[in-house]
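Just so it is clear, none of the values below were taken in a lab; they were calculated from the coordinates. Note that the structure is predicted; figures quoted are calculated from it, not measured. Note that each Cβ is placed from the backbone with ideal geometry, even for glycine, and that neighbours are counted across all protein chains shown.
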Amino acid sequence: MQKNPLPQPASTTAARKPVQKKPAQKKPVQKRPTYSIEAVDNALQLLQLLRDGGTLRLKDAAEELGVAPSTAHRLLAMLVYRGFAVQDETRRYVPGPAMGVGPAGLSWTRLLRSLAQPHMELLSAQLNETVNLMVRVGTKVRFLATVEGNNVLRVGDRQGTVMPANRTSGGKAMLAELEPHMLEQLFRSNNAEIGGDTIPDDEYPKFLRELESIRGNGFAANFEGTEDGVSALGMALHNRHGQVVGALSVATPATRFRAVFDAGLVPALKECCRQLEIDIAANPAEPD
């Protein structure tokens, strides 16, 4: 059986042109500090949950943090006091005016995370690599959950991280299923320019060709596009109507990606997505 071809980075065989500007240096994703303060970390996790889920109940907040409801209530009360959260008429917490990044607006992200978790754990155990779940919000992707592998050298937890969709493997897999006019709106419109998301004229045709290749392969790759030393492969997730609702990605140290790919990364991720989509279809995780 013919193996899936490993996607290649952009060709370097073309004639070299004078460098006009120095490319922006990629910054590594921050690691958890050894001196973290539990109360501060819990408050920040609540901010991430509000941002990505849009609403949060006291009971769910306590369960997510693994603390007593009274402790969760005190943390949420402080977020309300500082304007990062407000309570609606049903007593649920929603993002407040001080929240810098708007909520994902996806009321079903908690269900999606719950459905994906066991599948991610199985895939991570199978590959011994880090598996991520993400959704796309405009030109960005938000990492909803991470299951880390057990290798000493591994990609760490990305939960709560926001990254450009056109640079991540899962983000590109989701973008590849959009119509051309939607891509234009996201990356070539006045709004894109205002938000700093514009893809320049000389890069946009290459971007479209990459998305076309992704549609043909059924997966997207990221070779150190978001962080030096990290590569990943992602696939889109669909609901029962065939609409994209998120993506799964497997991230590895760049030095190990080739070996993981050759050992069956594509079929393993494809089967994981297929099984998860069965659960999504049975428990609709889709926009209201």
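What nm value, rounded to one decimal, do you get for the distance between Arg91 and Asn191 when each label is placed 7 Å out toward the C-beta?
3.7 nm
If I take every Cα pair under 8 Å that is 6 or more residues apart in segment 68-193, average their sequence separation and divide by the length, what percent do I get for the relative contact order? Present the calculation step by step, with values, prior to reporting the outcome.
On the way: 152 pairs, mean separation 16.9, N = 126.
This gives 13 percent for segment 68-193.
Give the calculated FRET efficiency between Arg74 and Arg154 to the nearest 0.05, with a Förster radius of 25 Å applied to their Cβ-Cβ distance.
Efficiency, from the Cβ-Cβ distance: 0.10.
With just the Cα atoms defining each centre, how far is segment 245-263 from segment 136-205? Give it in Å.
What the calculation gives is 17 Å, centre to centre.
What is the sum of charges, Lys and Arg at +1 and Asp and Glu at -1, for the other residues whose Cβ falls under 10 Å from the Cβ of Arg256? Write down the numbers at each step before the final one.
On the way: positive: Arg154, Arg258; negative: Glu129.
Every neighbour counted, the sum reads +1.
Quick check on packing: order 253-259, 166-172, 50-56, 176-182 by the mean number of other C-beta atoms within 10 Å, highest mean leading. Display every interim value, and only then the final one.
Numbers: 253-259: 15.0, 166-172: 25.6, 50-56: 22.0, 176-182: 12.7.
For the peptides 253-259, 166-172, 50-56, 176-182, the packing ranking is 166-172, 50-56, 253-259, 176-182.
Efficiency by 1/(1 + (r/R0)^6): what FRET value for Tyr81 and Ala259, r their Cβ-Cβ distance, R0 = 45 Å, to the nearest 0.05?
Working from the Cβ atoms, E equals 0.30.
Take peptides 73-85, 141-153 and line them up by average Cβ neighbours within 10 Å, highest first, as a rough protection proxy.
Highest-to-lowest ranking by the protection proxy: 141-153, 73-85.
Treat each spin label as a single point 7 Å out from the Cα along the C-beta direction, and report the Leu178 to Asp201 distance in nm.
2.2 nm
Report the FRET efficiency, 1/(1 + (r/R0)^6), for Asp279 and His241, where r is their Cβ-Cβ distance and R0 is 22 Å, rounded to 0.05.
Between Asp279 and His241 the formula returns 0.90.
Just to check I understand the Karplus step: with θ = phi - 60° and J = 6.51 cos²θ - 1.76 cosθ + 1.60, what whole-Hz values come out for segment 177-192, glycine and proline as x?
3J(HN,Hα) across segment 177-192, in whole Hz: 9, 7, 6, x, 5, 5, 5, 4, 5, 6, 10, 10, 8, 4, 4, 5.
Length gain on complete extension for the stretch Arg209 to Glu38, per 0.36 nm per residue less the alpha carbon to alpha carbon distance?
Net length gain for the segment: 57.0 nm.
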